[in-house]
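A.B. asks: The structure that follows is given in the form of C-alpha cells.
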Amino acid sequence: NISIAYYSLPMKIIEVLMVLAWFFLNSILPMLSTYFKENNTNAINELLKNSFKFLLTFSIYIVVLWVLFRDNIILLLATPDYLSTNLSNYTSSEAFLIVLFVLLFYFVSALFNYVFIASKNEKTLLNINIFITLFNIIWNIILIPKYSFVWAWIVTLISQILLFSLWYFYSYRITNFKLNVMFILKVSLFWIITFILWKYLLINY
C-alpha cells in the first residue's frame, strides 16, 4: 500500500500533464487528415516536422522544470510523508524522476499515434498497442512482486520507449517523415545547460 501511494501521486500528476499533448494534437488532426486525403506529402511532412519540434521542446521544458521543483510540487499537493524514507527506501520524489521521462517519450510519440488515425491505419495502431500492453502487464507481473514499484517505473519507461520506436518506425513507412537529429541534440543541449544553471542558482542563492 505504501509503494502504491508513493507511485500513484506522481503518476496522477503526469496523467494530467499528458492531456496537454492531446489538446495540441487534436487541434492539428483535421489538418493532418485533410493532407492525407489530398495525398499532400510535403504538407504532411512540414506539419509533422513543426509539431514534433513543438512537442519535443515543450516536453523537455516540463521535464527540466518539474525535476527541479518536484519536491515542492509534492509538498504542495500532498503531505511530507511522501518525501519521507521512514516507511520505504524510496519516496515519491524518486518516482517522479522516472515518470517524468515517461512523459517526455509520451509527448513526442503521441504525434505518430495521430499519423495512424489521420491516414486510417488504425489496425496497425491497435496491433502495436496490444503488443505494448501485453509486454507491460507480463513484466509487471514478473518483476513487481520481487522488486516493488521501482520496476513498475522502469517497465513503464521501457514500454514508452518501445512504443515510441514502433510508432515512429511504422509511421515512417506511411509518411517518410525523418526525425531531425540535429534539432533534437540542440534542444537537449540547451535544456541541459539551462538545468545546470537553474540547479546552481537554487543551491547557491
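The values are calculated or read from the model by the stated rules, or taken from the named source; none is laboratory data. In this text the structure is predicted, and so the values were computed from the model without any measurement. Reconstructed Cβ throughout: ideal geometry from the backbone, glycine too, with neighbour counts over all protein chains shown. For accessibility, only protein heavy atoms count, side chains too; no ligands or nucleic acids. Shrake-Rupley method; radii C 1.70, N 1.55, O 1.52, S 1.80 Å.
A.B. asks: Based on what the data block shows, is Ile98 open to solvent by 20 Å² or more (accessible area, probe 1.4 Å), under 21 Å from Glu15 (Cβ atoms) and modelled with pLDDT of 80 or more? It would help to see each step written out before you state the result.
C.D. replies: Values: open to solvent by 20 Å² or more (accessible area, probe 1.4 Å): yes; under 21 Å from Glu15 (Cβ atoms): yes; modelled with pLDDT of 80 or more: no.
It is false that Ile98 is open to solvent by 20 Å² or more (accessible area, probe 1.4 Å), under 21 Å from Glu15 (Cβ atoms) and modelled with pLDDT of 80 or more.
A.B. asks: Report, ordered by the first and then the second residue, all pairs with beta carbons closer than 7 Å, sequence separation of six or more or different chains, a first member in segment 167-192 that is modelled with pLDDT under 90, and a second member that is of a type in the set (Ser, Thr, Tyr) and in a loop (DSSP other than H, G, I, E, B).
C.D. replies: Going by the 7 Å Cβ cut-off, there are no qualifying pairs.
A.B. asks: Given the conditions (1) open to solvent by 40 Å² or more (accessible area, probe 1.4 Å); (2) in contact (Cβ under 8 Å) with a residue 60 or more places away in the chain; (3) closer than 16 Å to Met11 by Cβ, and given that Lys120 satisfies all but one, which numbered condition is not satisfied?
C.D. replies: The one condition Lys120 does not meet is (3).
A.B. asks: List pairs: first in segment 126-151 and within 22 Å of Leu97 (Cα to Cα) and among the polar types (S, T, N, Q), second open to solvent by 40 Å² or more (accessible area, probe 1.4 Å) and in a helix (DSSP H, G or I), Cβ under 8 Å, 6+ apart or cross-chain?
C.D. replies: Asn140/Trp151
A.B. asks: Continuing with the same structure: Here are some residues: Leu76, Leu47, Leu83, Leu65. Which one is free of Cβ contacts under 8 Å to residues at least 60 places away in the same chain, among the aliphatic types (A, V, I, L, M) and open to solvent by 80 Å² or more (accessible area, probe 1.4 Å)?
C.D. replies: Going through Leu76, Leu47, Leu83, Leu65 in turn, the sole match is Leu76.
A.B. asks: Considering Ser109, Ser92, which residue is modelled with pLDDT of 85 or more, among the hydroxyl-bearing types (Ser, Thr, Tyr) and either open to solvent by less than 40 Å² (accessible area, probe 1.4 Å) or farther than 22 Å from Leu157 by Cα (or both)?
C.D. replies: Ser109
A.B. asks: Another one. Taking segment 160-169, which residues are open to solvent by 40 Å² or more (accessible area, probe 1.4 Å) and under 16 Å from the mean Cα position of the chain (by Cα)?
C.D. replies: Listed by number, the residues that qualify are Ile161, Leu162, Ser165, Leu166, Tyr168.
A.B. asks: Test Leu47 against the criterion of being farther than 20 Å from Ile154 by Cβ and part of a helix (DSSP H, G or I), and give yes or no.
C.D. replies: Yes.
A.B. asks: Right, next: Does Asn127 count as modelled with pLDDT of 80 or more, in a helix (DSSP H, G or I) and open to solvent by less than 60 Å² (accessible area, probe 1.4 Å)?
C.D. replies: No.
A.B. asks: Filter segment 14-35 for residues that are under 13 Å from the mean Cα position of the chain (by Cα) and either within 16 Å of Leu56 (Cα to Cα) or open to solvent by less than 20 Å² (accessible area, probe 1.4 Å) (or both) and give the result.
C.D. replies: If the condition is that a residue be under 13 Å from the mean Cα position of the chain (by Cα) and either within 16 Å of Leu56 (Cα to Cα) or open to solvent by less than 20 Å² (accessible area, probe 1.4 Å) (or both), then Ile14, Leu17, Met18, Val19, Leu20, Ala21, Trp22 are the ones that fit.
A.B. asks: What number of residues in segment 69-95 are outside any helix (DSSP H, G or I), under 12 Å from Pro10 (Cβ atoms) and not polar (S, T, N, Q)?
C.D. replies: 2
A.B. asks: When residues of segment 152-166 are filtered for being without any contact (Cβ under 8 Å) to a residue 40 or more places away in the chain and not small (Gly, Ala, Ser), how many remain?
C.D. replies: Residues that pass the stated criteria total 4.
A.B. asks: Only one residue in Ala110, Ala152 is farther than 30 Å from Leu47 by Cβ and either polar (S, T, N, Q) or in a helix (DSSP H, G or I) (or both), so which one is that?
C.D. replies: Ala152
A.B. asks: While we're looking at this one, here's another question. State all residues of segment 132-159 that are open to solvent by 30 Å² or more (accessible area, probe 1.4 Å) and aromatic (Phe, Trp, Tyr); if no residue qualifies, say none.
C.D. replies: Those that are open to solvent by 30 Å² or more (accessible area, probe 1.4 Å) and aromatic (Phe, Trp, Tyr): Phe135, Trp139, Tyr147, Trp151.
A.B. asks: If you don't mind, another one. Looking at segment 170-203 only, could you name the residues that are open to solvent by 90 Å² or more (accessible area, probe 1.4 Å) and assigned to a loop (DSSP other than H, G, I, E, B)?
C.D. replies: Across segment 170-203, the qualifying residues are Asn176, Lys178.
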